[in-house]
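Just below is one structure, and these are the notes that go with it.
The values are calculated or read from the model by the stated rules, or taken from the named source; none is laboratory data. Remember, it's a predicted structure, so these values are computed and weren't measured experimentally. Virtual Cβ from ideal backbone geometry, glycine too; neighbours counted across all protein chains shown. These accessible areas exclude ligands, DNA and RNA; they are computed on the full protein's heavy atoms, side chains included. Shrake-Rupley method; radii C 1.70, N 1.55, O 1.52, S 1.80 Å.
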Amino acid sequence: EPRPRPGTPGPAMALPPRLLVAAVLAAAAPAAAFYLPGLAPVNFCEAGKEKPECKSGIELFVNRLDSVESVLPYEYTAFDFCQAEGKKRPSENLGQVLFGERIEPSPYRFSFNKKETCKSVCTKTYDTTKPDDKQKLDFLKKSMLLNYQHHWIVDNMPVTWCYDVEDGQRFCNPGFPIGCYITEDGRPKDACVINSEFHEKDTFYIFNHVDITIYYHVVENEALGARLVAAKLEPKSYKHTHPDNPDCSGVPMDISNKASGEVKIAYTYSVSFEEEKNIRWASRWDYILESMPHTHIQWFSIMNSLVIVLFLSGMVAMIMLRTLHKDIARYNQMDSTEDAQEEFGWKLVHGDIFRPPRKGMLLSVFLGSGTQILIMTFVTLFFACLGFLSPANRGALMTCAVVLWVLLGTPAGYVAARFYKSFGGEKWKTNVLLTSFLCPGIVFADFFIMNLILWGEGSSAAIPFGTLVAILALWFCISVPLTFIGAYFGFKKNAIEHPVRTNQIPRQIPEQSFYTKPLPGIIMGGILPFGCIFIQLFFILNSIWSHQMYYMFGFLFLVFIILVITCSEATILLCYFHLCAEDYHWQWRSFLTSGFTAVYFLVYAIHYFFSKLQITGTASTILYFGYTMIMVLIFFLFTG
């Protein structure tokens with residue numbers, strides 16, 4: 001079923017969230033297709049014709065509400081909307097909880113292929129003289145002012161609101177606003193531009209009515225019923241004159257900012273069903289992804305990165321082949337020791353090249369944690385490329401990353417121990433403890449502080465206490481013991497043998513030119529790797545902070561490989577240049593040269609915050625930078 005669309009790369013390159021892996025489908029018989037866990041299609045049929053394999057009731061779930069202008073998401077129950085009575089929440093995985101997704105049942109329920117018009121859900125009355133009611137209404141107004149968006153889910157598909165944007169394109173937004181605001185000078189904000197009837201100054205208009213259209217595709221084999229392929233809605237605003245018997249017509253529901261007395265909001269909905277013969281169940285996400293902007297920039301950025309890689313590879317190859325080859329050939333031809341007196345460049349430091357670095361303990365710990373993150377990123381992206389971690393599989397990406405990180409304690413301990421031993425270190429206990437606790441501890445502490453802020457703000461992104469305990473248990477009971485095992489094997493092996501002896505007396509380092517001094521070299525080293533990734537970075541930051549879906553894992557995997565190559569080659573080049581300048585302190589310098597990419601990442605994140613985001617409020621700003629610091633630290637260890 002997954003087939004490439006005309007004009008886009010095939011499934012191997014940028015895998016859109018096709019829910020079935022093509023290879024598996026080819027192997028499985030069409031009758032008993034294999035589906036990823038939790039993503040098997042659900043069949044629906046009309047009421048009265050239910051069978052075990054198909055049901056008539058369609059449930060609508062509501063996710064947390066979020067806003068581009070604030071980092072704080074709130075769950076549905078934090079607002080005074082119509083609530084579902086006594087239904088239990090669907091279970092969530094670790095990734096969803098970490099990302100603050102809170103999926104709950106809603107009072108909106110439909111029966112397949114049964115049209116409803118203007119059906120009442122509930123009516124909320126606010127008496128502004130009562131402080132409790134006033135607080136609820138004010139919260140509603142504040143969230144309309146910040147353009148908070150509903151996210152509804154039907155059959156694991158986002159309910160989208162499609163509207164025309166410039167150049168005659170349609171944009172399908174997987175959410176829709178609570179309402180909108182007309183400013184005091186009569187300027188419509190956000191969604192108020194959609195209706196010319198919204199014209200009262202200093203007034204809020206609440207979208208209290210939705211027209212939902214559900215598109216379905218009848219399965220070829222008639223016995224099974226139908227599958228839902230899309231759900232779209234149009235938000236409307238009506239001031240229902242008879243809330244008990246609504247007719248969905250007339251003037252919009254306005255709430256004046258200065259309104260006092262009683263405010264009545266009646267929530268209603270209409271639902272209709274349409275058959276869609278052209279969309280298959282497997283490609284039902286495509287229409288949302290097609291309307292996402294900027295896919296074509298990707299190819300440009302990949303070409304840009306590849307050119308950088310070719311340039312660097314050429315340089316490294318040239319040095320290896322020409323200079324080193326020539327030097328070594330000349331070295332081998334010398335028969336007498338007199339000629340050897342005229343050594344130059346990198347051969348002069350051979351007696352000092354393996355002198356242990358200062359702060360060798362910290363360097364080995366960083367190398368261990370970096371290895372752990374490197375393998376984790378590689379495996380996560382590899383799975384994402386195969387389509388296992390698509391947006392339909394909510395929270396899968398984060399869950400996968402956390403579990404892998406926990407399980408990869410062994411390589412971290414091993415690498416840290418091997419390097420520490422070869423640096424001649426003796427304090428192996430300190431080394432193991434630091435590898436287990438230093439970097440994860442910093443990340444966890446930052447995360448914990450952010451969580452306290454979210455908790456104080458009453459946001460849904462605050463992680464429940466139980467989950468925090470679970471994460472700590474994963475870290476202490478699985479990750480730490482695995483790190484100890486890795487370190488045990490690392491210390492048991494003999495230290496890495498050095499091909500030359502280290503001299504007793506350290507050699508004096510000659511006066512360095514500006515380019516071979518440590519700082520300029522490190523600053524230059526970070527520019528090339530950053531050039532490879534910064535276009536992808538824009539999309540990743542968008543998907544985290546502007547709530548756009550990210551599905552270009554094929555591109556990301558390619559960029560990841562390019563980044564690894566670029567970091568290595570840039571470091572090899574600069575290392576060679578300063579060894580030629582007779583500076584033998586290369587260990588820290590090689591780690592920091594490519595690790596400096598993280599500093600450019602931080603600068604870019606600050607630029608993104610001020611130029612692209614309209615985030616307001618202290619808590620949101622602290623959160624943005626708190627989470628950015630976690631990403632920067634992880635990125636620093638990874639590139640270094």
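Couple of notes before you dig in:
- Between helix 553-580 and the chain: long-axis angle, C-alpha atoms, 0 to 90°, nearest 10: 20
- Cα-based helix-to-principal-axis angle, 297-318 vs the chain, degrees rounded to 10: 10
- In order along the stretch 254-270, the Karplus-derived 3J(HN,Hα) couplings, from 6.51 cos²θ - 1.76 cosθ + 1.60 at θ = phi - 60°, round to 9, 10, 5, 4, 9, 4, 10, x, 9, 10, 10, 10, 9, 9, 9, 8, 10 Hz, and Gly and Pro are given as x.
- Part-to-part distance (alpha-carbon centres) for the stretch 373-408 and the stretch 499-553, which is given in Å: 25
- Furthest towards positive pole of dipole, L452, I178, V62, structure part the chain, Cβ charges: L452
- Across the stretch 231-241, computed HN-Hα scalar couplings (Karplus, 6.51 cos²θ - 1.76 cosθ + 1.60, θ = phi - 60°) run 9, 10, 9, 10, x, 10, 10, 9, 8, 5, 6 Hz from first to last residue, x flagging Gly and Pro.
- Qualifying lysines (Cα of each under 18 Å from Cα of K493; at least 8 residues distant if same chain): K421, K427, K429
- In this calculation the C-beta distance from I523 to F577 is compared with R0 = 22 Å, giving a FRET efficiency of 0.95.
- Extension gain, I509 back to I449 (0.36 nm per residue minus Cα-Cα distance, nm): 17.1 nm
- Amide H to amide H distances under 5 Å link A230 with Y215, where only residues 5 or more positions off or on other chains count and H is placed in the peptide plane.
- Shown here for the stretch 443-501: trypsin sites (Lys or Arg not before Pro) in loop regions (DSSP other than H, G, I, E, B) with at most 13 other Cβ atoms within 10 Å, namely K493, R501.
- Rounded to 10°, Cα long-axis angle of helix 131-145 versus longest principal axis of the chain: 60
- Per atom type, the stretch 43-291 shows carbon and sulfur on 47% of its accessible surface, probed at 1.4 Å.
- Free-standing Cys residues across the chain, given no other cysteine C-beta under 4.7 angstrom: C385, C400, C439, C477, C532, C567, C575, C580
- Residue-by-residue Karplus 3J(HN,Hα) for the stretch 531-537, coefficients 6.51, -1.76, 1.60, Hz, glycine and proline x: x, 6, 9, 5, 6, 5, 4
- Cβ-Cβ FRET estimate between Q614 and N304, R0 fixed at 35 Å, reported to 0.05: 0.75
- About the Cα centre, charge dipole magnitude for the stretch 77-218 (Lys/Arg +1, Asp/Glu -1 at Cβ), debye: 560
- Of K114/K134; K49/K232; K141/K232; K87/K141; K236/K277; K87/K115, pairs whose Cα-Cα distance is over 32 Å: K114/K134
- The GluC sites (Glu not before Pro) of the stretch 418-510 that meet both conditions, a loop assignment by DSSP and at most 13 other Cβ atoms within 10 Å of the site Cβ, are E426, E497.
- In this structure the amide hydrogen of S111, modeled in the peptide plane, comes within under 5 Å of the amide hydrogens of I58, none closer than 5 places in sequence on its chain.
- Per-residue [θ]222 nm for the chain (sum of -39500 (n - 2.57) over DSSP H runs n ≥ 4, rounded to 500): -13500 deg cm²/dmol
- Taking all protein chains into account, the per residue accessible area for the chain stands at 48 Å² (1.4 Å probe).
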